[in-house]
Amino acid sequence: MNPNLLQTPIDYLKGVGPNRADLLRGELGIHTYQDLINLFPNRYIDRTRYYKIRELQENTSEVQVIGKIVHLKTVEQKRGKRLVATFVDDTGEMELVWFRGHKWIRESIRINVPYVIFGRCNRIGHQFSMPHPEMELLTEHESSLRTAMQPVYPSTEKLANKGITNRVINKLMQQLFTETGGRFTETLSPALLGELSLISKQAALFNIHFPKSQELLAKAQYRLKFEELFYIQLQLLIKNLIRKQKIKGYIFDRVGEHFHSFYDDHLPFSLTGAQKRVIKEIRHDLGTGAQMNRLLQGDVGSGKTIVALMAMLLALDNGFQACIMAPTEILATQHFNGIKELVGDLGINIKLLTGSTKTSARTEIHEQLLSGELHILVGTHALLEDKVKFHNLGLAVIDEQHRFGVAQRAKLWHKNTIPPHILVMTATPIPRTLAMSLYGDLDISVIDELPPGRKPVKTVHRFDSNRLKVFRFLKEEIAKGRQVYVVYPLIQESEKMDYKDLMDGYASIEREFPKPEYQISIVHGQMKPADKDYEMDRFVRGETQIMVATTVIEVGVNVPNASVMIIESAERFGLSQLHQLRGRVGRGAEQSYCILMTGHKLSGDSKTRLETMTRTNDGFEIAEVDLNLRGPGDIMGTQQSGVLHLKIADIVKDNQILKAARYYAQQLLKRDPSLAAEENKVIRYTYGQLSKHKNIWNYIS
Ligand code: ADP
Ligand code: MG
C-alpha cells in the first residue's frame, strides 16, 4: 500500500472528530493512522459467553449480560453525584453505576432497548452493581465482528470519562482496516520470515487486533514481538559497530614496565581465571585502535579493583594518565589507599581528589594533571569538574556505574580530543537479558568466579521475637574477635521515621552491649562527612566491634574482619540491596553470617526475597529473581528506561524471543554489515526509518 496513507493524521479517520483526535493524541500519543494500528491490546477477553443476572457472582472477572435499562436516576451523595440505571433481564435486576461522565451517558442511553453490557460486578447487599459498564446496543453487537478473543486496549481515565471506550477504539480499528484495505508493507526480510516461520506483517496486524483463532493470535504476537526486539537489537549492534569504526581510540600496544613489574613482583595473590580472562578482553580492546567502552560486571568481592588497576597500568605503560571515579568519598578513599598499597614502590604518582580535598592540595593536583606528572587520579565526581584537566587521559574507570548517569560518562569523554577508553565496573549483576537490551552498545565482561578460599556467607532469616538469641550469637562472635554490622533501612535519607528507628535500635544495642566491654560506631546520612569518616575509620581499625549504620555502607566498603551482617527490617530492602549489603561480609578467611531480621507480617514478595537470599549467594541468580519481581523499569531506574518502553514484547517474559532476535541480528550483520544486499532491502529500508522516529513502532511499520 501507499505508505503515506499511514501517515494520515488521525483526525481524518471516519469516526474521529476534532475532540476525539485531541484525546487520542493527548492520552495515547496517537497522531496518525500508523500510531493507531500500533496500539496493541494489553490482553484479550472471551466475549462469546453471556451471563444471566441470576448467574452473577462476586469477584468473577468481566461478565457480559443482555438486558434493558428500565430506569435511570441521579443519586446525590456526599462525595458527589452518581448516575444509577436499573438493568433487567428475564432472571432479575441489577444496577449500572456511573460516577463521572453523566452528561454524555444521559444523552446517549436509550430506555427499554436491549443492550449488551460488559464489565466487572460488585455485590452491594443483595444486588449486583456494575460500575462504568461498557455498553452496546444488541443490534449493533450482533452485527459486529465477534471473536472469542476480544482485544482490550490501553486506556486512561480521561478517555473512559469522555466515552472513548474499548469498544470505540475497536470500531476505529475496524474503520482503519477498512480504509487501508488492511494491506500493510512487510518489514522483515523474506529470509527471516522463512527461517523463523513468521507470519506476514499484514496477517500479524490483522490477528493482533481481530484474532481469528488462539493459534493465529499467538503467531501474530510472536511475529510482532520478534520484530520489535529484532530492530532494537539491530540498532544497538549497529551503534556498536559504528562506534568501533568511527570513534578512534588510543592504541595501547605496549605492555611495559609498570604492568610487568606489578605482575611479577607486586601481585599479592594469583589471579582467578575470570580475572585473567577479563584482563585479556580489556587488553584486546585497548589494542584495536577503537575506543573501549566496556562494562565489567562482577559480584561483590570478585576482585574488580585489581583488574581496573592493571588496565590503568597499561595506560601508564603507553604514556597516558588514568583515573578512577567512585560514587562516594569513602569508596574513593578506599580505592586510593588500596591502589597505593598494591603498587607500592613502583614509582607511580597517585592522588586523591574529592569534595573535601583542601584548596592547596587541589591546586597541586590540577597542576600535576596538566603537566602529566600525575599518573593516576582517584576520586569522586569531583573529577568531572571543569577545572580538572588532564595532560592525556587514556583510561577512565568508573566504579559502581549505576550511581552515575550516562551524561556523566559522556562528560569524561570530553576531557580529551580523542575520547579515553572507558571501563565501567558494577557490582550489581545485571541479568544478561537486560544487559543485552540496555547495554547493547557496551561490551560486557563478567567476573563470575570468586577468589579461592572464600567461604560462602551463611544467611538466615530470624523474626524480631528471636532478637535475644541473635544478640547472644553476636556476643559469641565478638568474643572470637570478629566485628559486626547492624544495618537499618533508610530509603530516603531524610525520612524521619527511619532515623528514629535507627536511633532506637542504636539505643537498644548500647543497652545490650555496654561499654567498656563493647565499642559501637554509628554512621548515617545526617552526619557530617568528617564525622562519618571518623566513625568508619574506628571500625576499620578494629577499635569498635559493632557498626550501626544505614545503607550508606551499601557499596564497596572493605573490612575483612567484619563477619556478621545483621539487616534490620529486611523485608523493606530490595533484593539487590540485600545482596549488596551481604557482600560487606565474607571478605576474610572466617565463616561469615548474614542475619535477616523481620517482623511476622510478610508480603508474598518479601517472602520470596528472604527465601532467595537464604537459598543462594549467586548475584546473577538473585538479579534474575529481582527482575521477575520488580520488572526492568524499576531495576534500572528511569535513566535508561527509554529502550524499555516496549509496545508488545516484555524483556523478562519474552527472554527467549529476545535471544533469538539478538542472534539473528548478529548473524545478519556478520554477513552483511552495511545491509547492502538485495535480500536485506526491506530491513535496510525499515532501519533507515529508525533514526527519524522516537517510537520504535513508527519505524517498523
Ligand atoms: P570488588 O569486585 O567487590 O570490587 P575487590 O576488588 O575489592 O572486589 O576485591 C575484594 C577482595 O578480594 C580484596 O581484598 C582483594 O584484595 C581480594 N582479591 C581480589 N582478587 C583476588 C584473588 N585473585 N585472590 C585472592 N584475593 C583476591
Ligand atoms: Mg569494589
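Any read-out appearing in this document is the output of simple, stated calculations on the displayed coordinates, not a laboratory observation. Small disclaimer: the values here were computed from a predicted structure and weren't measured. All Cβ positions, glycine included, derive from the backbone under ideal geometry; neighbour counts span all protein chains shown.
For the pair residue 356 and residue 392, a Förster radius of 22 Å applied to the C-beta separation gives a FRET efficiency near 0.20, rounded to the nearest 0.05. Sparsely packed loop sites in segment 46-102 (the GluC sites (Glu not before Pro) outside DSSP H, G, I, E and B with at most 12 other Cβ atoms within 10 Å) comprise 58. Taking the helices alone, the chain has a mean residue ellipticity at 222 nm of -12500 deg cm²/dmol, built from -39,500 (n - 2.57) per DSSP H run of at least 4 residues and averaged over all its residues. For the chain, the longest principal axis of the alpha carbon atoms and the long axis of helix 304-317 meet at an angle near 70°.
Rounding to the nearest 10 and keeping the result within 0 to 90°, find how far the Cα-based axis of helix 496-512 lies from the longest principal axis of the chain. Between the helix axis and the principal axis of the chain, the angle is about 50 degrees.
Structure note, pairs 500/528; 225/653; 248/351; 455/475; 304/340: Cα-Cα distances above 23 angstrom occur for 248/351.
When only alpha carbons are used to place a centre, segment 1-70 and segment 526-544 end up 61 Å from one another. Our summary gives the chain a relative contact order of 13 percent, counting only alpha carbon pairs under 8 angstrom and 6 or more residues apart. I'd like the antiparallel share, as a percent to the nearest 5, of DSSP beta bridges with both residues in the chain. So the antiparallel bridges amount to about 40 percent of the total.
Label-to-label distance for residue 175 and residue 214 is 3.4 nm, based on points extended 7 Å past Cα in the beta-carbon direction.
Taking the average, over residues, of other Cβ atoms within 10 Å as the packing measure, peptides 224-233, 79-88 rank 224-233, 79-88 from highest down. Between residue 466 and residue 373, full extension at 0.36 nm per residue minus the direct alpha carbon distance yields a gain of 27.7 nm.
Which of the three applies to segment 503-554, rounded, prolate or oblate, going by the alpha-carbon gyration tensor with a ≥ b ≥ c and a/c under 1.5 meaning rounded? Here segment 503-554 falls in the oblate category. When each of the peptides 274-285, 119-130 is scored by the mean number of other C-beta atoms lying within 10 Å of its residues, the order from highest to lowest reads 274-285, 119-130. Extents of the chain, largest first, come to 93, 71, 44 Å (Cα atoms, principal axes, whole angstrom). Placing dummy labels 7 Å off each Cα toward the beta-carbon, the span from residue 538 to residue 479 is 2.5 nm.
Shape class of segment 309-391 from the Cα gyration tensor (axes a ≥ b ≥ c, square roots of the eigenvalues): oblate, since a/c reaches 1.5 or more and a/b does not exceed b/c. Packing here is the average count of other Cβ atoms within 10 Å per residue, and on that basis the peptides 322-334, 353-365, highest first, run 322-334, 353-365.
Of the trypsin sites (Lys or Arg not before Pro) in segment 501-548, the ones in a loop by DSSP (not H, G, I, E or B) with at most 11 other beta carbons within 10 Å are 541.
For residue 160, what is the net charge nearby, where nearby means another residue's Cβ is under 12 Å from its Cβ and Lys, Arg count +1, Asp, Glu -1? So the environment of residue 160 carries a net charge of +1. Using only the Cα atoms of segment 443-598, build the gyration tensor, take square roots of its eigenvalues as a ≥ b ≥ c, and label the shape rounded, prolate or oblate: rounded if a/c is under 1.5, else prolate if a/b is larger than b/c, else oblate. Rounded, because the longest to shortest axis ratio a/c is under 1.5.
Within segment 514-550, the GluC sites (Glu not before Pro) that combine a DSSP coil assignment with at most 15 other C-beta atoms in a 10 angstrom radius are 517, 543. Near residue 446, the amide H atoms lying under 5 Å from its own belong to 297; only residues 5 or more places off or on other chains count, and H is placed 1.01 Å from N.
Note on segment 48-146: semi-axes of the ellipsoid equivalent to its C-alpha gyration tensor, largest first and rounded to whole Å, are 21, 17, 12.
State, to one decimal in nm, how far the label point of residue 444 lies from the label point of residue 123, with both points 7 Å from Cα in the Cβ direction. The modelled label-to-label distance comes out at 5.0 nm.
Amide H to amide H, with H built 1.01 Å from N, residue 30 comes under 5 Å of 25, counting only residues 5 or more places away or on other chains.
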